[in-house]
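Structure first, commentary second.
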Amino acid sequence: MILAVDIGNTDVTCGVIDGATVRARWALHSDLNRTENEFADLLRAMLAYVDAGPIVHAVVGSVVPALTLRISEALAAVTTMPPLVVRAEAVPGIRLRVDEPAQVGVDRVANAIAAREAVGAPVIIADLGSVTTFDVVDAQGDLRGVVIAPGIRALGQALTASGAQLPKIDIDRPEGLVGRNTVDAMRAGVYWGYVELVRGVIGRLTAEPGGPWRVVATGGLADRMATDVGGFERVDADLTLKGLARICQAMHGE
């Protein structure tokens, strides 16, 4: 089994992967104040809780450099093996057709690897998380580029900051389109505005040459919002973890 760790700006998501199956999954807050030993204690406790079985490999994908070494050392302490820390430009079997390959987040490549294996290529992956990204994988299975947009929480925060009398809001699906009070009106604007943002970008991308395009959703908000956005062939919140595990297998010659 492979222990895959995706270090993001909001959460550190961990998964125990057996082949193409996620046997266990949990998330920790991406706390810059947490020490290596604290991360190790949390990892050790969760692995014992889920009864993960023997871990053959550990793999790390990170977009938070300040946490990469700390969590890698915690993994080494827990699994007694150094984890594979993946760099996007070093992943075999995929070309990054972008201007600056070193600037590509490894999560973008992991998504591309997992999506093309799951549904084929060309494919567009909408990653609905703290930031919204659209990864474009061409018919050759290579990463052609990425669209980056605000996440829904960032839209809500920006709306609150834009008006002196506008309150902070929770981002929930509103019952209707038109709010009858300030909070419901804000929720409606943010939620349905975000739905149309995602739907609109996907519509433009699928109209690009190189199709017909498959469309996959992932990320922490995918399960909640996929139905309202519509048009997804598959929704898989664990796509990044599966991609990291697949990269790990390839780099170990498996």
* State whether one or more residues within the range 44-56 are part of a helix (DSSP H, G or I), in contact (Cβ under 8 Å) with a residue 40 or more places away in the chain and not polar (S, T, N, Q). => yes
* To do: Scan the range 199-227 for residues that are over 18 Å from ASP142 (Cα atoms) and either among the β-branched types (Val, Ile, Thr) or at pLDDT below 95 (or both) and jot them down.
  => VAL201, ILE202, THR218, GLY219, GLY220, LEU221, ALA222, ASP223, ARG224, MET225, ALA226, THR227
* Structure fact -> GLY53 fails exactly one of (1) on the phi > 0 side of the Ramachandran plot; (2) surrounded by 21 or more Cβ atoms within 10 Å (Cβ to Cβ), namely (2)
* **Residue check, ALA66 over 24 Å from ALA20 (Cβ atoms), of a type in the set (A, V, I, L, M), surrounded by fewer than 14 Cβ atoms within 10 Å (Cβ to Cβ) and in contact with a helix residue (DSSP H, G or I) (Cβ under 9 Å, 6 or more places away or on another chain)** => no
* Considering only the range 64-122, how many residues are in contact with a strand residue (DSSP E or B) (Cβ under 8 Å, 6 or more places away or on another chain), more than 12 Å from GLY243 (Cβ to Cβ), charged (D, E, K, R) and assigned to a helix (DSSP H, G or I)? -> 1
* Residue among VAL98, VAL109 that alone is of a type in the set (A, V, I, L, M) and either open to solvent by 20 Å² or more (accessible area, probe 1.4 Å) or closer than 14 Å to ALA222 by Cβ (or both) -> VAL98
* Return the residue satisfying two criteria in turn: it lies in the range 204-254 and is in a helix (DSSP H, G or I) and open to solvent by 70 Å² or more (accessible area, probe 1.4 Å), and of such residues it is nearest to THR21 (Cα to Cα). => ARG246
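The values are calculated or read from the model by the stated rules, or taken from the named source; none is laboratory data. From a predicted model like this one, the values you see are computed outputs, not experimental measurements. In this analysis, Cβ positions are derived from the backbone assuming ideal geometry, glycine residues included, and neighbour counts consider all displayed protein chains. To get the accessible areas, we keep the full protein, side chains included, count just its heavy atoms, and leave off ligands, DNA and RNA. Shrake-Rupley method; radii C 1.70, N 1.55, O 1.52, S 1.80 Å.
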